[in-house]
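The values are calculated or read from the model by the stated rules, or taken from the named source; none is laboratory data. Since this is a predicted model, take the numbers as computed values, not measurements. Ideal geometry is used to build each Cβ from the backbone, glycine not excepted, and the neighbour counts take in all protein chains shown.
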Amino acid sequence: MKKLTLFLLLLNFAAQAQDKITWPDHKKAVIVLTYDDALHSQLNVAIPQLDSAHLKGTFFLTGELNSQTIPQWQKASKNGHELANHTVFHPCLSTDDNPMASEHYTAYRILHEIEVMNNFLFAVDGKKGRTYAYPCTETHVGGKDYVDSLRKYGIIKYARIGGDANAVITDFKKLDPLLVPSYGLEGKNSGTQLIDFVKKVEASGGMGIFMFHGVGGDYITVSAQAHRELLAYLKENKKDIWITTFQQAMDYAMKANNEKK
Ligand SMILES: [Zn+2]
């Protein structure tokens, strides 16, 4: 009986090992750094820190771009950062600080808006095949879920939702590429808290996605110091951790997953 239990355990272990994705260059895990809402503190603090650490991030932009910031985003794209889609107007359920109510939206209206933003981003960086983050991490507008409409329309490759510090992705077979969870930082997180999440992802062998807003300014702010500490840890552990953009991480994971089927 004991032998049988051991055998079953081993079998289970082998099956689990098979499900795991092998990351490039023998890396153990993947970390994706994402930043929402096209904030000035991202241009002024986050991007300079990323550039000096030679790390790449993904920036979910809205239509809040102007003649001053567009050249800065263009430069970020040329430096290898990903510019991604967060709609033009950021529609969400009504709150005091949210100017665009999503209650009156239809699925068609938001899909059209996402398509307009795709074209806007093409004008900025000349790239196609965009990724997306749901405004306020809400997957519905006007009381209806629009994830399947987005899937049918085919204008977005991968989409990010929210989550907490448990948003570590290990089961890529079950992962819906249009519902990819992330660790939505609530602001004022310490460097240690951020690094703890990375360590958890490393131990799992999977993928972890950070969702930042302000860095050293703006709102839902993580301090410049905490962000710097996180980047220093990532840089030190580059041999074991693949730090890449949302699109590249997902392209790799989906391809590796399909090859297994
Ligand atoms: Zn947002």
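Any residue at all in segment 150-160 that's among the basic types (Lys, Arg) and crowded, with 18+ Cβ neighbours inside 10 Å? Yes.
Beta carbons closer than 8 Å, at least 6 apart along the sequence or on distinct chains, pair a first residue in segment 207-229 that is assigned to a strand (DSSP E or B) with a second that is of a type in the set (Asp, Glu) for Met211/Asp36; Phe212/Asp36. Could we say that Ala84 is at pLDDT below 95 and small (Gly, Ala, Ser) here? No; evaluated as a whole, the condition is false for this residue. On inspection, Glu82 qualifies as in contact (Cβ under 8 Å) with a residue 24 or more places away in the chain and surrounded by 14 or more Cβ atoms within 10 Å (Cβ to Cβ). Filtered by the rule that a residue be outside any helix (DSSP H, G or I) and either away from the ligand (no atom under 15 Å from the Cβ) or not aliphatic (A, V, I, L, M) (or both), segment 37-53 gives a lone residue, Asp37.
For segment 158-171, the criterion of being in contact (Cβ under 8 Å) with a residue 60 or more places away in the chain and over 14 Å from the mean Cα position of the chain (by Cα) is met by at least one residue. Taking segment 62-93 as the range and being in a strand (DSSP E or B), within 18 Å of the chain's Cα centre (by Cα) and not charged (D, E, K, R) as the test, the residues that pass are Leu83, Ala84, Asn85. Scanning segment 198-214 for residues that are within 16 Å of Thr244 (Cα to Cα) and either away from the ligand (no atom under 16 Å from the Cβ) or hydroxyl-bearing (Ser, Thr, Tyr) (or both), we see that the one that is surrounded by the most Cβ atoms within 10 Å (Cβ to Cβ) is Met207. Tallying residues that are within 16 Å of the ligand (Cβ to nearest atom), of a type outside the set (S, T, N, Q) and not in a helix (DSSP H, G or I) within segment 125-145 yields 7. Scanning segment 95-124 for residues that are out of contact with any helix residue (DSSP H, G or I) (no Cβ under 9 Å at 6 or more places or on another chain), modelled with pLDDT of 95 or more and part of a loop (DSSP other than H, G, I, E, B) gives a single hit, Thr106.
All told, Lys56 meets the bar of being under 18 Å from His227 (Cβ atoms), of a type in the set (D, E, K, R) and away from the ligand (no atom under 16 Å from the Cβ).
Does Ala76 satisfy the condition of being of a type in the set (A, V, I, L, M), in contact (Cβ under 8 Å) with a residue 60 or more places away in the chain and buried (at least 17 other Cβ atoms within 10 Å of the Cβ)? No; evaluated as a whole, the condition is false for this residue. Only one of the numbered conditions (1) within 22 Å of the chain's Cα centre (by Cα); (2) under 15 Å from His86 (Cα atoms); (3) in a helix (DSSP H, G or I) is not met by Lys152, and that is (2).
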